[in-house]
Amino acid sequence: MDDQRERERELIDDVRKELPAFVEACVSKTDMVLMHQYAFGAGLDRDELLLLGKAIKYAGLAGKEVRIVPASRVPSQSLTRGVRSANRSLHVHRG
């Protein structure tokens, strides 16, 4: 079990270092984090997709639901009320 805890600690450290706005969204009092589909891996880059997986796992560890918003749809104000979103440019938006 120590090996798993070590990997989890590494994941947490990676996400905190690379995605501080995402971490901020995950520690907020909301239940969900919204991300635009192009926030990660827009060019299907392997490293970006790995980071996306780490971000999703981090959110799960923080007890958050992650919702990916497709490029063809911008969430309405009623959907985002009380929900935080984080994008790859490290801006956090409050709904």
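The values are calculated or read from the model by the stated rules, or taken from the named source; none is laboratory data. Everything quoted here is computed from the prediction, not taken from an experiment. Quick reminder, even Gly has a Cβ in these numbers, built from the backbone with ideal geometry, and neighbours come from all protein chains shown.
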Q.
Just to be sure I understand the filter: pairs with C-beta atoms under 8 Å, separated by 6 or more residues or on different chains, first member in the stretch 1-21 and closer than 16 Å to L61 by Cα, second member among the basic types (K, R) and in a helix (DSSP H, G or I). Which pairs pass?
A. L11/K54; L11/K57; D14/K54; V15/K54
Q. Out of the stretch 57-74, which residues are surrounded by fewer than 16 Cβ atoms within 10 Å (Cβ to Cβ) and either basic (K, R) or modelled with pLDDT under 85 (or both)?
A. K57, R67, A71, S72, R73, V74
Q) Inside the stretch 27-43, can you point out the residues that are free of Cβ contacts under 8 Å to residues at least 12 places away in the same chain and surrounded by 14 or more Cβ atoms within 10 Å (Cβ to Cβ)? A) G41
Q. L44 passes all but one of (1) out of contact with any Pro (no Cβ under 9 Å at 6 or more places or on another chain); (2) under 21 Å from V69 (Cβ atoms); (3) at pLDDT below 95; (4) outside any loop (DSSP other than H, G, I, E, B); which number fails?
A. (4)
Q) If you go through the stretch 6-33 one residue at a time, how many are modelled with pLDDT under 90 and of a type in the set (A, V, I, L, M)? A) 0
Q.
Under 7 Å between Cβ atoms, which residue pairs at least 6 apart in sequence (or on different chains) link something in the stretch 48-72 that is within 20 Å of Q4 (Cα to Cα) and hydrophobic (A, V, I, L, M, F, W, C) with a partner that is modelled with pLDDT under 95 and assigned to a strand (DSSP E or B)?
A. I56/V66; A59/V33; A59/V66
(Q) Given the criteria modelled with pLDDT of 85 or more and either touching a Pro at 6+ places or on another chain (Cβ under 6 Å) or of a type outside the set (S, T, N, Q) (or both), does V92 qualify? (A) no
